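Structure first, then comments.
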């Protein structure tokens, strides 16, 4: 947890500010093209459906799939608690002008969830790392492309996602090590 706090603090202190967010937004919005609209909307609107479908498939895939789902849930819970807490406390207006405290811009929950899952997948199945990170990056990019998030919203979501996955991996190792450390039961 301390590592995640330090990473968040470093991010906030190192971020040069709204000027980079504005420049990134201007560039992306100037380069929107009709052929990208549908894939970007799909990535943004259907990301959670794909996530839940993948989890359902993993659950029936046997012990490795169930272990993945457990680790993903353990990673996603603190990430989403942090996202919602930050959204409420930061209360940042979205690039498209929408301003609702309960759904503020910072940080991107879509990107945080996608990056969290990519990090968990990378730890469990190295061969799937590149497709997982490409998919997560596409989801994150779709949020900027559709003018729903600033670059810094997505960048901080990456920090949260990797931190949540790291925390879950630590918990899984701790839980597994504790189970092996128990002395065998003796018959009385």
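The values are calculated or read from the model by the stated rules, or taken from the named source; none is laboratory data. Source: prediction; values computed, not measured. No Cβ is skipped: glycine too gets one built from the backbone with ideal geometry, and neighbour counts run over all protein chains shown.
Tabulated values for the structure
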{"quantity": "Selection status of residue 7, out of contact with any strand residue (DSSP E or B) (no Cβ under 6 Å at 6 or more places or on another chain), in a helix (DSSP H, G or I) and at pLDDT 85 or above", "calculated": "no"}
{"quantity": "Scan of region 142-156 for residues that are within 19 Å of residue 41 (Cβ to Cβ) and assigned to a helix (DSSP H, G or I), ordered by number", "calculated": "142, 143, 144, 145, 153, 154"}
{"quantity": "Tally, over region 58-110, of residues that are surrounded by fewer than 21 Cβ atoms within 10 Å (Cβ to Cβ), touching a residue at least 60 places away in the same chain (Cβ under 8 Å) and either in contact with a strand residue (DSSP E or B) (Cβ under 6 Å, 6 or more places away or on another chain) or under 23 Å from residue 26 (Cβ atoms) (or both)", "calculated": "1"}
{"quantity": "Residue among 139, 162, 120 that is part of a helix (DSSP H, G or I), over 18 Å from residue 73 (Cα atoms) and modelled with pLDDT of 90 or more", "calculated": "139"}
{"quantity": "Residues of region 52-65 satisfying the condition of being at pLDDT 75 or above and either touching a helix residue (DSSP H, G or I) at 6+ places or on another chain (Cβ under 7 Å) or under 15 Å from residue 137 (Cα atoms) (or both)", "calculated": "58, 65"}
{"quantity": "Pick from region 14-54, criterion touching a residue at least 40 places away in the same chain (Cβ under 8 Å) and not in a helix (DSSP H, G or I), ranking: farthest from residue 69 (Cα to Cα)", "calculated": "32"}
{"quantity": "Positions within region 87-103 being touching a helix residue (DSSP H, G or I) at 6+ places or on another chain (Cβ under 8 Å), assigned to a helix (DSSP H, G or I) and closer than 16 Å to residue 154 by Cα, in sequence order", "calculated": "87, 103"}
{"quantity": "In region 24-36, the residues that are under 15 Å from residue 148 (Cα atoms) and touching a helix residue (DSSP H, G or I) at 6+ places or on another chain (Cβ under 9 Å)", "calculated": "24, 25, 28, 29, 32"}
